Amino acid sequence: MIKLAVTAALAAIALPTCISALGLDQAAVAAGLTYFGTATDNPELTDIPYVTQLNNTADFGQITPGNSQKWDATEPSQGTFSFTEGDVIADLAEANGQYLRCHTLVWYNQLPSWVTSGTWTNATLIAAMQNHITTVVSHYKGRCLHWDVVNEALNDDGTYRTNIFYTTIGEAYIPLAFAAAAAADPSAKLFYNDYNLEYGSTKAASARAIVQLVQASGAKIDGVGFQGHFVVGTVPSQASLVSVLQSFTALGVEVAYTEADVRILLPTTATTLAQQSSDFQALVGSCVAVDGCVGFTIWDWTDKYSWVPSTFTGYGAALPWDEDLVKKPAYDGLLVGLGASVSTTTTATTASSTASGVTVTATATATTTTTAAHWGQCGGSGWTGATVCASGYTCTYVNAWYSQCL
């Protein structure tokens, strides 16, 4: 950057903008993934600026309906099905040429009361579950790249979660659900989906046991979804994430990050936004590094519609775009994790007057290109903060939020 010794007021400063030749989905595909995508939900689809970005296939090659395919939405009373809202999102994805990840068939939550309060036997609940799966999957046959067949069947300690299906049917409800989904749409890839698998804990071991349970039953299971919900600074190292993902692909199934977000204790700071960027970089970078990790989905794309503030008191800012639909440092972290180059350009214009009335105007422009090989944070904001860059790199101003080692 050129600094001018002039003596009057600053006339104009254009803060740096980060530019990549590729959007998130384009970078993901270039890196060997099938898609980069986002969840969405029906109430948001009246927000025209929101929908304009949702339709941006450079960033989003896949869409997941957040709620409109769940049991309470699709079969609110036994035998009566409704697909109106789910169809809206399926039609939107189809019109845009985006993949559809369908979500979710069997989950302990968002069940209508006729399921949770019913008087069931093993046989009658199996029949109701199979009918639900068959009807919903058949309706969307040929449109879903993936189905999250069973969602969150495990407690954090790796034991089975107590729910109406487990207490009535036992663990057999899981392979039965996968078998019903496979029969209804043989072309869809079928996933088990859960959170906190990323740490490689007992819960991850139990999820691998679910894969083996379904496989041993003779039913089809194609993948495991890692939801990827984190608090900033708690994401494991990329190497650790790679190891956990590979422990699943070793079983012959695909993996994907299906609901990723990284929440921050509010208010945000330059430090937490920079850490969030690093966290997203590690997450998506681990997927790129693993043969068999097929995609990465964020749980909506803007903080304006994040589920986090209403669920985790005091937390928010979990997504790569802020509430005003402006990209945050996390967007660039994702690009770098996907192996894309990010160009940052700074232009500053200053004006000053001398005692004789002469006006001096100068413009300085600096452009740098960063790649994953030398991405990093160096603390503070602007030109301040302790330098913690590797040898050969300098802590360099990027924008009002964060700096990079360049």
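The values are calculated or read from the model by the stated rules, or taken from the named source; none is laboratory data. None of the values given here were measured: they were computed from a predicted structure. Please note: Cβ atoms are built from the backbone with ideal geometry, for glycine as well, and neighbour counts cover all protein chains shown. For the accessible areas, the whole protein counts, side chains as well, though only heavy atoms, and no ligand, DNA or RNA atoms are used. Shrake-Rupley method; radii C 1.70, N 1.55, O 1.52, S 1.80 Å.
When both residues are 6+ apart or on different chains and their Cβ atoms are under 6 Å apart, which pairs have a first residue that lies in segment 30-54 and is farther than 26 Å from Val284 by Cα, and a second that is polar (S, T, N, Q) and buried (at least 19 other Cβ atoms within 10 Å of the Cβ)?
Pairs found: Asn42/Ser68.
Just give me the residues in segment 155-206 being outside any helix (DSSP H, G or I) and small (Gly, Ala, Ser), in sequence order.
First pass over segment 155-206, keeping only residues outside any helix (DSSP H, G or I): 155-163, 170-172, 185-201.
Passing the criteria: Gly158, Gly170, Ala172, Ser187, Ala188, Gly200, Ser201.
Restricting to segment 219-261, count the residues that are open to solvent by less than 10 Å² (accessible area, probe 1.4 Å) and part of a strand (DSSP E or B).
Result for segment 219-261: 11.
Of all residues in segment 306-343, how many are surrounded by fewer than 24 Cβ atoms within 10 Å (Cβ to Cβ), without any contact (Cβ under 8 Å) to a residue 60 or more places away in the chain and either at positive phi or not in a loop (DSSP other than H, G, I, E, B) (or both)?
Result for segment 306-343: 6.
Six or more apart or on different chains, Cβ atoms under 7 Å: show the pairs whose first residue is in segment 97-122 and without any contact (Cβ under 8 Å) to a residue 40 or more places away in the chain and whose second is open to solvent by 10 Å² or more (accessible area, probe 1.4 Å) and of a type outside the set (Ser, Thr, Tyr).
Sorted first by the residue in segment 97-122, then by its partner, the pairs are Trp114/Gln78.
Here is a list of conditions, (1) closer than 22 Å to Thr104 by Cα; (2) in contact with a Lys or Arg (Cβ under 7 Å, 6 or more places away or on another chain); (3) touching a residue at least 60 places away in the same chain (Cβ under 8 Å), and Phe248 meets all of them except one; can you say which number that is?
Going through the list (1) closer than 22 Å to Thr104 by Cα; (2) in contact with a Lys or Arg (Cβ under 7 Å, 6 or more places away or on another chain); (3) touching a residue at least 60 places away in the same chain (Cβ under 8 Å), Phe248 breaks only (3).
Could you look through segment 177-211, keep only residues that are open to solvent by 50 Å² or more (accessible area, probe 1.4 Å) and of a type outside the set (Gly, Ala, Ser), and pick out the one that is nearest to the chain's Cα centre (by Cα)?
Per the stated criteria, the residue is Tyr195.
Could you tell me whether any residue of segment 295-305 is without any contact (Cβ under 8 Å) to a residue 24 or more places away in the chain, assigned by the TED database to the domain that holds Thr52, surrounded by 17 or more Cβ atoms within 10 Å (Cβ to Cβ) and within 14 Å of the chain's Cα centre (by Cα)?
Yes, segment 295-305 contains at least one residue that is without any contact (Cβ under 8 Å) to a residue 24 or more places away in the chain, assigned by the TED database to the domain that holds Thr52, surrounded by 17 or more Cβ atoms within 10 Å (Cβ to Cβ) and within 14 Å of the chain's Cα centre (by Cα).
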